[in-house]
Every structure is written in structure tokens, then in C-alpha cells.
Amino acid sequence: PCTDQLERVFLRLGHAETDEQLQSIISKFLPPVLLKLSSAQEGVRKKVMELLVHLNKRIKSRPKIQLPVETLLVQYQDPAAVSFVTNFTIIYIKMGFPRLPIDKQCELAPSLLTAMEGRPQPQQDSLMHLLIPALYYLKYRNESTKLSSLFNLAEKPKIVHLLLDFMLDVLLMPYGFVLNELSRQSTPSGQGSSTSGSGGVGIPQPPPGMSFYAAKRVVGDNPWTAEQLEQCKLGIVKFIEAEQVPELDCVIHLVVASSDTRHSVATAADLELKSKQSLIDWNDPVIINKMFKVYLGDIPLKTKEGNLMKPELKRDPVSTRVKLKIVPHLLRSRLAAEQFPPNIQVKHH
């Protein structure tokens, strides 16, 4: 009976001529069809896969067709769902979310964060890739308290940590960066220190302040254009302004953003940093350690752990432009001056 039902869905898809008809069938049948991937019968699973291949062709050639993203997000978060089902469900969330109207994307933004909980890192990255562009459009004015409770991040320290790490990499990402262009580069002769120092011969050179792995995460499956990246960076600064996360965790984000090559991002971050000056304790070890870490990158340490770092995870120091923004803040910190060895390492960079 199960394969008969799938056959009927197949027929209905075949008869759908307009986008509206196709969208109606997809909205109704896609979530339950995905659930059938957990069937014990191989014949059913095979039929579902055939159906999905057919569906993908139809969806990809019709960019206006909306997918039932909200239902899929609920299904994705079901603790009882098997990983085979969730792995396919996120494919359609990724396909459908950018097609949604902006106001719907804003409405579902908190659900993306909730959905990250306990997921494999590639899936968390995909969800962050959908969330970050939506931040630019979120309305925070006079709704700060409402949005704070909507995002509910106070109860999700792991998600906050993930999100802030990803956001910092987005802010460090240069405009117009192309990953595959980078992948064609061989290790430059005479400049081996940037890669071979950590045993990374043949690892492509990442942007300053980033590792190859971090760059790959930010580029994702659908790289942002320079204009989209600018909006993403502005969205992150707005998100920090709206105090959605503890402000002291975001000081380094604002310092990096204030060095941005695009005026809109640098100005917004600078203004926010100035407004927070009286709140920031420049002798706070958390703030200072983050600044040193970003400034210096991963310096190979003569320890077991340092030697174990995979070359693609090794972060390079940031560009001179970012360093020039960090140094004045370090200079006002007594703690930074006393911190050894980073105080000497910064001096030599």
C-alpha cells in the first residue's frame, strides 16, 4: 500500500502543469514522503528516492515554487527522527528557506537557531548560512525585549558560542574571495612559513585571520556575492547592537568589523564600539585573550597539542588593517601589557 501511495504522488506530480499546482502538491506531500525514508522496506525507500530525484528536477527549474519550510523545520527537530530522514529534510530546508519572502525568513530565524541544537557541525553550518543573511532584515527597534525572548539565547550557551565563532569568521571574510581560485594555488616558493610552518604543504592559503577550514565553512554551498556579504556583516553588527548576545562576548567582533573595507560596516561597528566604551573593561581577560588570539592567529607551540593541530585548522594572523584597529585597544589595557608571551609576540609582528 505504501508504494501505491507514492505512485499516486508521482502521478499527481506528473499532471501538475502550473507552479501553483506543483507547489500545492509539494506542500502537502513532501514532509510525509521524507518520513517514509525510515521505512524498513527497501522497495519503499527506493521509490521515495526516485520520487525525490524527480521532484528536485522540477523544483530547481522553478525558483518561485515555495517549499513547506516551517513544517520541515518542525520535522527536522523531532527527537524521534532517524538521521537518514533529517539528512534529507535539511536539504529541502536549505533549498526552500532562501525562496521564502523576507518577512517569513525573519519569522523563522529563531527556529533555525533552535534547530542547531545537537546537530552535526556541517548541518549547523548550513543553518547558520541561512540565518545570517536574514539578520539584516530583522526589526529590532522597540522590540528588543520581545526579540531577546524570541531568540532565547540565554539558555543556549553552546549555540551562542557556535554562532559567535561563525559570525567572527563572516566579519573576517574579505569581499570577492573565491575558494576554488584559492584551491588552485600551490604553496608559494619563499613563503612557506605561512603554510609549511604547520606542516601544511599544499594547503591553500586562507584569508588573513582565518584557517582554510573556516574559509570553507563561510563560503558554504552557495557563496555570497560581495553585496550579500556586506549585508551579512551589517546584519551581524545590528544583531550585536540589539543585545541578542552578551555584549562583552562581541567586543572582538566590533573591533574586526570597524576595520572593514566597506564604509557602511566599519562606520556601524565604530559607532557601536564607541557607545559601549564605558561598559567595556579592557582588563577583562576574556576580551584581551580573544584580541591576542585574533591578532596572532595560531602560533605553533612546542607542545603536544600544538603539534597535533591539523594544517587546515591553523589560523593565520589577521591583516595589518585589523591589527591597526586592535593595537589601540591593547595599549589601553594593563592586563595586555603584562600578558606573556603574547605581549612580546604582538611587538614582533
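The values are calculated or read from the model by the stated rules, or taken from the named source; none is laboratory data. What you are looking at is a predicted structure, and each value in this text was computed from that prediction instead of being measured. Virtual Cβ from ideal backbone geometry, glycine too; neighbours counted across all protein chains shown.
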Whichever residue in the range 297-321 is modelled with pLDDT of 90 or more and not in a loop (DSSP other than H, G, I, E, B) and, among such residues, is surrounded by the fewest Cβ atoms within 10 Å (Cβ to Cβ): 320
Can you name the residue in the range 166-204 that is assigned to a helix (DSSP H, G or I) and modelled with pLDDT of 75 or more and is also nearest to residue 322 (Cα to Cα) among such residues? 172
Flag for residue 37 being hydrophobic (A, V, I, L, M, F, W, C), in contact (Cβ under 8 Å) with a residue 12 or more places away in the chain and farther than 19 Å from residue 220 by Cβ: yes
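Residues that are more than 27 Å from the chain's Cα centre (by Cα): find the helices (runs of 4 or more DSSP H) completely inside the range 13-78 holding 2 or more of those. If you could, list the steps in order and put the result at the bottom.
On the way: elements: 19-35, 42-60, 69-76.
Here the list reads 19-35, 42-60.
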Answer yes if at least one residue in the range 156-165 is at pLDDT below 95, exposed (fewer than 14 other Cβ atoms within 10 Å of the Cβ) and touching a Ser or Thr at 6+ places or on another chain (Cβ under 9 Å), and no otherwise. no
